[in-house]
1. Just for strands (runs of 3 or more DSSP E) wholly inside segment A:1-85: which have at least 1 residues that are touching a Lys or Arg at 6+ places or on another chain (Cβ under 8 Å) and more than 10 Å from every other protein chain (Cβ to nearest Cβ)?
2. For B:F185, only one of the following conditions fails: (1) within 14 Å of chain A (Cβ to nearest Cβ); (2) touching a residue at least 24 places away in the same chain (Cβ under 8 Å). What is its number?
3. Can you go through A:D164, A:D128 and tell me which one is more than 10 Å from chain B (Cβ to nearest Cβ), more than 26 Å from A:E28 (Cα to Cα) and at pLDDT 95 or above?
4. Quickly run through segment A:128-169 and pick out the residues that are surrounded by 16 or more Cβ atoms within 10 Å (Cβ to Cβ), assigned to a helix (DSSP H, G or I) and without any contact (Cβ under 8 Å) to a residue 60 or more places away in the chain.
5. Looking at this structure, is B:L16 more than 30 Å from B:L191 (Cα to Cα), surrounded by fewer than 21 Cβ atoms within 10 Å (Cβ to Cβ) and facing another protein chain (nearest Cβ under 9 Å)?
6. Looking at segment A:100-112, which of its residues are assigned to a helix (DSSP H, G or I) and either closer than 18 Å to A:S134 by Cβ or at the interface with another protein chain (Cβ under 8 Å from one of its Cβ atoms) (or both)?
7. Looking only at residues in segment A:196-246 that are β-branched (V, I, T) and outside the structural domain of A:K177 (by TED's automatic domain parsing), which one is modelled with the lowest pLDDT?
Amino acid sequence: MIKITHLTKRYEGLLAVDDINLEIGQNEVFGLLGPNGAGKTTVIHMLATLLKPTSGTALVNGFDIIAQPAKVRSSIGIVFQAPSSDDMLTGYENLKIHAFLYGVPSYDREKRIQSVLDLVGLAERQHDQVKKYSGGMRRRLEIARGLLHRPTVMFLDEPTLGLDPNSRGMMWEYIKKLVKEEKMTIILTTHYMEEADHLCNRIGIIDEGKIIALDSPLNLKKSLGGDIVKIRPRSWKALENIRLLPYVRKVEIVDGDVVMLVENAKKNIPDILRHVDSEYVEFRSPDLNDVFLKLASKNIKESGEGGFMERYAQYGK
Amino acid sequence: MASSISVFEKVYALWLREFKVFLRERSRLVASTFTPLLWLFVIGIGFGSVATLTSEGGVGYQKFIFPGIVCMSVIFTSVFFGSYVIWDRKFDFLKSVMVAPVSRGTIFVGKALGGMTSSLLQAAILLFVGAIIGMPYTPYGIVEAIVIVLLLSFALTSLGLAIGSYMQSLEGFQLIVSFVVFPLFFLSGALFPLENLPPWLSILTSFDPATYGVSAMRSAVLGVGSRPFPLDTLLLLVYAIALGTAGIYSFKRMKAV
């Protein structure tokens, strides 16, 4: 469905997308996961032909994004980060205009508009002006608009950015419904780790314009090779002993807690507690956040920029 | 041809959006009709009490400037319509149109037709007011007036859209445009006869597309233009084609994101 080869975008001095190679198959729900400014939106804009790559190219539905932009555009749907409907118009009118722009044939137009409105649950509010819609409704209208012309590839750029937890949950349900009912390839970007985990069957973690990991959410989490254990030691003397334990993979100090990556935590926690006197112990399975932090911190060591703590504060939310 | 039908439908869709927004923003219509009326009734009557025009058949100052005020409304509405490109970009609507399989030329034409429609509706209101103040209309003259409004508004909407496509901020647009619309208006001969001007001013007025609009409008509704109506119309058409081409070019090079 999508084949990206050596895709690169350079803005004066800044390498926003750095030689990305990637293949995304039919009916995949692929997540591009990374912090703000990692280059996710730039990739989407290039794939949607809104932005010319500095070098490299990509095939979307078999069409080249540089040589055949019009064909690419007819075959994709896209939901931008910020809602882009005209809020003076009603939801229905916005869809009607885009049905014309995408050349949805006249015999199908009304039927299709009503069916996408039904799919996103906006049929009853279709004749209200968009300015009266909530943030979640606007986002759903964008999805409906992206679906009008039955695209085979759908891009969702931060589909839940700025939504409250309730609307986000609803949005996730709509996206899942989409996958089931419309049978399309979905590429979504997000900086919410749990969103990627919940929706995607494959994830590319992107940082500083590079894909630094590519796998299923489960495999990415397994790749850490352990669980996350958090303790608060009463004395810091024993800390060095912990570092030397063979099953402790990684030690960080976060807000006065010691956070460790521990192989087979269930078995090894008692042993850790023999080495250090702790106020409390918490442990959990790793999530994508941990995967990202591990990979990103490795990157930082290589490039020697920024602090891990700073990054943790930024992405850990 | 299926493809030409679809281009027509796309232009229609883009125009329809502009038209609906225009109808819903009533304050816009009221505000932009108010200024021309102020000119017509305050300046028109105020100056009319002191100015005696020796040329133009002695119709009185208010009737003399009426065609100019219709053109003024077209100048301001059309050029300022370019600011909607900046609004569309700000609210990402433009991005959603540019990611659709629609050519930049089509987007430009749809937008320009929207601007022409608002100019035409405003001119229609003013022409109605003209009937009240006793302009000597003929049915043929009204048709001519509409043709002039369409040509002038296409030329100047194109100019406004071209400027808008280069600007990032509304403030910047307004600044640039105020350097454009006031010379267009003042040099057009809307407020004074262009005969007997010093040569330097006379040359400047001849570069102003609105000069030909005002003169043609005066032929149409007053029967006293500076040039024959067909000549003015032809010159205006040349401007319309040139500015339209410039507008399409500007839209083609405009960045989507």
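The values are calculated or read from the model by the stated rules, or taken from the named source; none is laboratory data. Quantities reported herein were computed from a predicted structural model and do not represent experimental measurements. Glycine also receives a Cβ, built like all others from the backbone with ideal geometry; neighbour counts cover every protein chain displayed.
1. In segment A:1-85, A:14-24, A:29-33, A:55-60 are the strands (runs of 3 or more DSSP E) which contain 1 or more residues that are touching a Lys or Arg at 6+ places or on another chain (Cβ under 8 Å) and more than 10 Å from every other protein chain (Cβ to nearest Cβ).
2. B:F185 satisfies all of (1) within 14 Å of chain A (Cβ to nearest Cβ); (2) touching a residue at least 24 places away in the same chain (Cβ under 8 Å) except (1).
3. Exactly one of A:D164, A:D128 is more than 10 Å from chain B (Cβ to nearest Cβ), more than 26 Å from A:E28 (Cα to Cα) and at pLDDT 95 or above, namely A:D128.
4. A:V130, A:G136, A:M137, A:R138, A:R140, A:L141, A:A144, A:S167, A:R168
5. For B:L16, the condition - more than 30 Å from B:L191 (Cα to Cα), surrounded by fewer than 21 Cβ atoms within 10 Å (Cβ to Cβ) and facing another protein chain (nearest Cβ under 9 Å) - is met.
6. Residues satisfying the conditions are A:F100, A:L101.
7. Ranking the candidates gives A:I242 first.
Condition check ((1) within 14 Å of chain A (Cβ to nearest Cβ); (2) part of a helix (DSSP H, G or I)) across all residues:
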position	(1), (2)
B:V70	no, yes
B:F80	no, yes
B:D88	yes, yes
B:S96	yes, yes
B:V102	yes, no
B:G105	yes, yes
B:S119	no, yes
